[in-house]
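A.B. asks: Have a look at this one before I ask anything.
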Amino acid sequence: MSLKERITEDMKSAMRAGEKERLATIRMILAAIKQREVDERIQLDDTQVLAALEKMIKQRKEAITQFESGGRADLVAKESAEILILQAYLPAQLSDAEIDSLIATAIASTGAASIKDMGKVMGVVKAQAQGKADMGKVSARIKSKLS
């Protein structure tokens with residue numbers, strides 16, 4: 001079963017169970033997937049669906065920062081709840097040790113020596129860690145290892 005099919009099935013079960021907040025978030029996910037499929041005239045595979053989910057999580061985290069600075073605890077709680085639902089569809093996250101191992105392997109395989117080679121290393125690591133790690137944190141770790 002593809003990730004998109006799983007999300008659709010979860011929408012049906014949330015509808016049957018009367019879980020309004022979960023249903024709204026899942027519908028939002030499916031709308032984002034459908035929008036991208038229509039815009040690009042393609043069928044999204046699991047990797048592309050994961051990328052869309054990560055983008056949605058990133059947007060929620062940015063919104064939480066804004067709402068916290070504005071003193072809107074109600075909206076912070078709503079966005080946090082949406083993040084939890086979105087994260088349920090992501091694969092298990094890599095540990096710090098696993099991320100460091102990926103980075104070390106990528107540095108060795110690309111022959112990276114300085115910060116100028118960060119793009120090469122990031123390309124290799126991103127292919128293996130997409131959906132399994134926060135790419136912002138991975139980028140910072142690569143930068144620290146190459147400096």
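What follows draws every value from the coordinates through simple rules; no lab data is involved. As the structure is a computational prediction, the values presented were derived from the model and not from experiment. Ideal geometry is used to build each Cβ from the backbone, glycine not excepted, and the neighbour counts take in all protein chains shown.
A.B. asks: From largest to smallest, what semi-axes in whole angstrom does the chain give when each is the square root of 5 times an eigenvalue of its alpha carbon gyration tensor?
C.D. replies: So the three semi-axes of the chain are 32, 20, 13 Å.
A.B. asks: Further question on the same structure: Post the alpha-carbon centroid distance, the stretch 131-147 to the stretch 1-46, in whole angstrom.
C.D. replies: After rounding, the separation between the Cα centres reads 30 Å.
A.B. asks: Beyond a 22 Å Cα-Cα separation, which of these cross-linked pairs lie in this structure: LYS61/LYS126; LYS12/LYS132; LYS34/LYS137; LYS55/LYS116?
C.D. replies: Those over the limit are LYS12/LYS132; LYS34/LYS137; LYS55/LYS116.
A.B. asks: Dipole of the stretch 57-127 (Lys/Arg Cβ +1, Asp/Glu Cβ -1, origin at the Cα centre): which of ILE57, ALA92, ALA81 lies farthest to the positive side?
C.D. replies: The listed residue farthest towards the positive side: ILE57.
A.B. asks: For a test of the definition: using alpha carbon positions, the gyration tensor, and the 1.5 limit on a/c, classify the stretch 3-87 as rounded, prolate or oblate.
C.D. replies: oblate
A.B. asks: So how many Å³ per residue does the convex hull of the Cα atoms of the stretch 96-146 work out to?
C.D. replies: Hull volume normalised by residue count: 62 Å³.
A.B. asks: When the dipole is taken about the Cα centre of the chain, and only Lys, Arg (+1) and Asp, Glu (-1) are charged at their Cβ, what size is it in debye, to the nearest 20?
C.D. replies: 220 debye
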